[in-house]
Structures are given as C-alpha cells and as structure tokens.
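Visitor: Shown below is the structure under consideration.
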Number of protein chains: 2
Amino acid sequence: MEARRDVFQAIADPTRRAIIGMIAEQPVNVNAIAAQFEVSRQAISLHLKILTECGLLSIKQQGRERLCEARLDKLNEVHEWVQQYHQLWTSRLKALKGFLEEEAKQPTIHKKSKK
Amino acid sequence: MEARRDVFQAIADPTRRAIIGMIAEQPVNVNAIAAQFEVSRQAISLHLKILTECGLLSIKQQGRERLCEARLDKLNEVHEWVQQYHQLWTSRLKALKGFLEEEAKQPTIHKKSKK
DNA sequence: ATGATATGCAATCATTTACTTGCAAATATA
DNA sequence: TATATTTGCAAGTAAATGATTGCATATCAT
C-alpha cells in the first residue's frame, strides 16, 4: 500500500471524497468521521492516512482525539488541470452557438457562396 | 479489471491524463498515441478503453485507423466537485486577508477591547 | 494476391487497493 | 486506581490495476 500518492489518486475514491465533504466546513475527529460510514474504523483510518500523505488533510492532536481538518488549497492542482480543459470546451460551445445563430440568419450562405 | 469506472477514477492515472492532454486539441489515432509512451501499445489500448467507458473519449473508425477524440465536457463532474471547494477556500483566503489588513490598521484592538 | 499497417482480444502476472479482525497505547472519567 | 474512549499498528485477504506477450483480423498499398 505504498505507491503513487497524489491528489488525483486521493480523490479517485468516493469514500475519500465524502470525507473531504464532511470536514470541509469544520474539523471533525476520527471516530465521528468513521461513524458516518458503513466500513470499519480502520478502513476510514487508512483513507485519512492517504489524504494526509497527499496533503489534503492535516491532523491536530487534541487530548486523545485527533481533529481532521481539510486542506482545500491542495485541490488547486486538480482545479488547474480541469480548468484548462473547461475553458477549452466552453469556448468551443460558444463558437458552435455563434455558428448556429449565423446559420439561422442566412441558412444557405455556405452552400451557395462558392457556386 | 471490471469495476468502478467513473471520471475521477479515470483521471487518477497520470498516463490517462497525459492522453487527454494529447488529444484535447484534435483527434489522434491509437498508434500515434501509443508512440508517445514507453509502455506497450496494449497498455495504452487499455487506458483508451477505460477513458472510453467513462465517456471521456469517443472513437471514430476511419478506415483501418481509430481516431480518439476527447470529450472534455465529461470533465464537468470533476470541475463542479472541485469548484465548490475552490470557492470555499478562496473566500476564506479573502476573509483572512481582510482580517490581516484590519489588524495592520489597529493592531491591538482585539486584545484591548474586552479588558 | 501479398505483405505491411493498425488495432483488438485473451491469458498471465506482480502490485496496489480497500477491507477486516485483533491487539496495544494513550488519555479521560468515575 | 479501575474503566471506558479514541486511536494507531500489524497481519491477512480478495479484488482491481497496470502491464506484458502472443495471436487474430481488417484494411491499405504494391
């Protein structure tokens, strides 16, 4: 269980995404997180470890409890990667929309213009 | 090799992200993609299959070639998931910045105000 | 028709993943 | 101090992942 450990890998798992959603607003301790899931506490503990290792989570010891806090800024890598393609595809959609509107005005201009 | 197959899972692999980057601008055929990587053509073929199964890729048969075209709109799911947290953390950053600026103007107001 | 090209499919394999159960250690609480 | 609570660590397991090699098939060029 010691290999690739990056943010993309971390958020690939739906349980881990749920954990992030659960602690995004305010820190939550380990047992409280585990209580929300069907799987064992150990399984959640492992997910927390993975999230911690890739920097998406930081842990504050508080007596015998451990508060898990989301480090949302670490999602920036994903945000930027997706953003570039998001811009690409939305600009294409706009171009298509513009084209279709031109077509609607002068439906046959492309077929006739060359002949 | 037949289980979870969603966009988050698909982009978890760096090779698959590289493939998406390679075909984002225009369609490319299978061998041309495979030629860019160290791994075997079969390995790439499997990655293409995974990308296809989650809708990030569509294939157009063109004679004996298969043109792989990126379906960037399928990244929307990821975009929206990250976006909500991006907004959360940037608004926090702004709040922090505002707070620090207030502190700079009246450095001790919080400590003195109550005593 | 013949050979080269583009690609898929199947079998196989080493690692990694996501879990589980059991046990130990530290910290609260009665 | 005795006991309950919170959590980590270790060993074990089934399934998924990423990759390889070998063989088959369709299409294009000569």
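No value in this document is a laboratory result; all are computed from the given coordinates. Quick caveat: nothing in here was measured; it's all calculated off a predicted structure. All Cβ positions, glycine included, derive from the backbone under ideal geometry; neighbour counts span all protein chains shown.
Visitor: Which shape class applies to the protein assembly as shown: rounded if a/c is under 1.5, otherwise prolate when a/b exceeds b/c and oblate if not, where a ≥ b ≥ c are the square roots of the Cα gyration tensor eigenvalues? Walk me through the numbers before you get to the answer.
Guide: On the way: a/c = 3.02, a/b = 1.54, b/c = 1.96.
Oblate.
Visitor: Kirkwood Rh over Cα pairs of region B:7-74 into Stokes-Einstein at 25 °C, 0.890 mPa s: D in µm²/s?
Guide: Working: Rh = 11.7 Å.
Calculated translational D: 210 µm²/s.
Visitor: Once the label point is set 7 Å along the Cα-to-beta-carbon vector, what list of distances in nm do you get between B:Lys97 and its counterparts in the other copies?
Guide: Here B:Lys97 shows inter-copy label distances of 2.9 nm.
Visitor: Using only atoms on other chains, find how many Cβ atoms lie within 10 Å of each Cβ of peptide A:87-97 and report the average. The partial results should precede the final answer.
Guide: Working: counts 1, 5, 9, 4, 0, 2, 1, 0, 0, 0, 0.
The per-residue average across the peptide is 2.
Visitor: Let me ask something additional. Which residue fluctuates the most in chain B, going by a Gaussian network model with Cα springs under 10 Å, if the choices are B:Ala12, B:Ala24, B:Ala104?
Guide: B:Ala104
Visitor: With respect to the symmetry axis carrying chain B onto chain A, which residue of chain B exhibits the smallest Cβ distance to that axis, and what is the value in whole Å?
Guide: Closest Cβ to the B-to-A rotation axis, residue and whole-Å distance: B:Ala12, 2.
Visitor: Also, I was wondering about something else. Using a 10 Å cut-off around each Cβ of peptide B:66-75, what is the average number of partner chain Cβ atoms that fall inside? Don't skip to the answer; put the middle values down first.
Guide: Details: counts 0, 0, 0, 0, 3, 1, 9, 6, 2, 8.
Mean partner-chain Cβ count within 10 Å for B:66-75: 3.
Visitor: Take chain A, connect every pair of alpha-carbon atoms lying under 10 Å apart with a spring to form a Gaussian network, then pick out the residue of A:Val78, A:Val39, A:Val30 with the largest mean-square fluctuation.
Guide: Top of the fluctuation ranking is A:Val39.
Visitor: Please state the shape class of chain B: rounded when a/c is under 1.5, otherwise prolate if a/b exceeds b/c and oblate if not, all from the C-alpha gyration tensor.
Guide: Values: a/c = 3.90, a/b = 3.62, b/c = 1.08.
Verdict is prolate for chain B.
Visitor: To the nearest 500 deg cm²/dmol, what mean residue ellipticity at 222 nm is calculated for chain A from DSSP H runs of n ≥ 4 alone, each contributing -39,500 (n - 2.57), summed and divided by the residues? List each step's numbers first, then the result.
Guide: Numbers: 6 runs with 67 residues, N = 115.
It lands at -17500 deg cm²/dmol.
Visitor: Something else now. Compute the label-point distances linking A:Pro14 to its equivalents in the other copies; points lie 7 Å from Cα along Cα→Cβ; give nm, one decimal, shortest first.
Guide: Label point to label point, same position, other copies: 2.8 nm.
Visitor: Please report, for A:Glu65, the nm distances (one decimal) from its label point, 7 Å out from Cα along the beta-carbon direction, to the equivalent points in the remaining copies, shortest first.
Guide: Taking the point 7 Å beyond Cα along Cα→Cβ, the inter-copy spacings are 6.2 nm.
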